[in-house]
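The values are calculated or read from the model by the stated rules, or taken from the named source; none is laboratory data. Worth saying up front: this structure is predicted, and the values here are computed from it rather than measured. Backbone-built Cβ (ideal geometry, glycine too); neighbour counts: all protein chains shown.
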């Protein structure tokens with residue numbers, strides 16, 4: 001089972017429980033929209049995903065207000081060396097399942113055309129106890145696309 005599914009289920013249950021316990025009518029707070037300014041700082045992304053190591057280039061977005069939502073979303077496009085992309089294939093054995101990433105609109109032009117290799121082991125390689133990640137590897141252009149949800 002993916003950690004992301006567990007996080008989503010927990011968040012849904014918490015929202016339902018909160019909504020049912022309050023008899024006053026309040027509008028639920030909406031999650032903040034994704035930013036439009038693409039970040040390109042490698043150290044910032046490595047702090048979020050240490051497993052990316054030393055990528056050649058990155059383009060990424062992060063949004064959410066941990067103080068209010070306790071949820072943070074991160075979409076990233078990570079340019080790797082061909083050797084690192086090959087090592088990921090060897091280590092995580094991802095396969096072409098026909099899936100493709102769906103990142104925030106501002107980042108979509110950075111995503112290569114695919115096909116993408118995916119798999120639970122690849123996802124787990126970039127996930128943690130508080131972060132559920134879907135990982136997509138375009139081996140032909142040595143590019144990794146990450147979509148993550150974190151609970152702070």
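Number of residues in the range 128-152 that are in a loop (DSSP other than H, G, I, E, B) and at pLDDT 95 or above equals 1. Taking the range 83-102 as the range and being in a helix (DSSP H, G or I) and surrounded by fewer than 13 Cβ atoms within 10 Å (Cβ to Cβ) as the test, the residues that pass are 83, 90, 91.
Whether a residue is closer than 15 Å to residue 51 by Cβ and modelled with pLDDT of 95 or more was assessed, and residue 123 passes this test.
Filtering the range 43-75 to residues that are under 15 Å from residue 125 (Cα atoms) and touching a residue at least 60 places away in the same chain (Cβ under 8 Å) leaves 48, 49, 51, 52. Quick check, is residue 75 modelled with pLDDT under 95 and either farther than 15 Å from residue 145 by Cα or touching a helix residue (DSSP H, G or I) at 6+ places or on another chain (Cβ under 7 Å) (or both)? No.
Here residue 114 passes the criteria (1) over 13 Å from the mean Cα position of the chain (by Cα); (2) closer than 16 Å to residue 57 by Cα; (3) surrounded by 16 or more Cβ atoms within 10 Å (Cβ to Cβ) except the one numbered (2). Being farther than 13 Å from residue 148 by Cα and surrounded by fewer than 16 Cβ atoms within 10 Å (Cβ to Cβ) holds for only one residue in 109, 59, and it is 109.
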